[in-house]
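Accompanying notes for the structure given below.
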Amino acid sequence: MFHLFTLVSFIALYTSAFSFGSLAFQFIERLFPDPLSYGGSVLGMGRNAIAGLLVAFPLYLFLMRLIWKETKGNAKNLESGVRKWFTYITLVVVAGIMLGDLIAVVSSVLGGELAVRFLLKAGTIFAIAGAIFGYYLHDLKRKAEDSLSSRVKAFVGTVTVLVIVFIVYGIVLTGTPGQQRVLQFDQRRVSDLQQISYAIDFYWQNNEKL
């Protein structure tokens, strides 16, 4: 069961990190729109990112709490091969992301990308990757008898507050479920009117009268 918790926790971690970064990108594009870009809509990807955070992040916190209890005073679980293997993979992936991020920053700025917007995106990726890298590097050095330090508690609390703020702000931008329902009705009406217009044009072309 411990290994299952470990595997699912890393899946929840990746989902949470991707959703957080995606939502941050939507905020940046909204605050610093680029006339050359076709992006900037927070409705589609924003909803998916909010849903990902709402589901994956609480699950990650819950599983990490269980994993901490299972490893506290239990050197066998703490030194588990599955846990260490996935931790090392995560560290390698995160290190690669950080390196690629720096390369992308230089390349995009040289290519004429809007500097402020891209630097903020790059900083977001670097911050997420750095936080994950720092936490798991610290966790690898942990011993079974160690207690949860105040620094780790402060880190977890800060990340949790940021996630809550992002979710609330994202809901404010995308609208409540009720507002989304009304918007879908409006979109359906527009689609119906377009179909009626196409039908009238088609009839006129064939009959030259209405």
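The values are calculated or read from the model by the stated rules, or taken from the named source; none is laboratory data. For clarity, every value in this text was computed on a predicted model and none was experimentally measured. Backbone-built Cβ (ideal geometry, glycine too); neighbour counts: all protein chains shown. Heads up: the accessible areas ignore ligands, DNA and RNA and are worked out on the full protein's heavy atoms, side chains in. Shrake-Rupley method; radii C 1.70, N 1.55, O 1.52, S 1.80 Å.
Using the Cβ-Cβ distance between Arg189 and Phe32 with R0 = 45 Å, the FRET efficiency computed as 1/(1 + (r/R0)^6) comes to roughly 0.85. Which lysines, on any chain, are close to Lys143 with Cα under 22 Å apart, when same-chain ones fewer than 8 places away are left out? Straight-distance partners of Lys143: Lys69, Lys72, Lys76, Lys84, Lys153. Backbone geometry of the stretch 27-33 corresponds, through the Karplus equation with coefficients 6.51, -1.76 and 1.60 at θ = phi - 60°, to 3J(HN,Hα) couplings of 5, 5, 5, 6, 6, 10, x Hz, x marking Gly and Pro. In this structure Glu79 has an accessible area near 100 Å², from a 1.4 Å probe over the protein heavy atoms.
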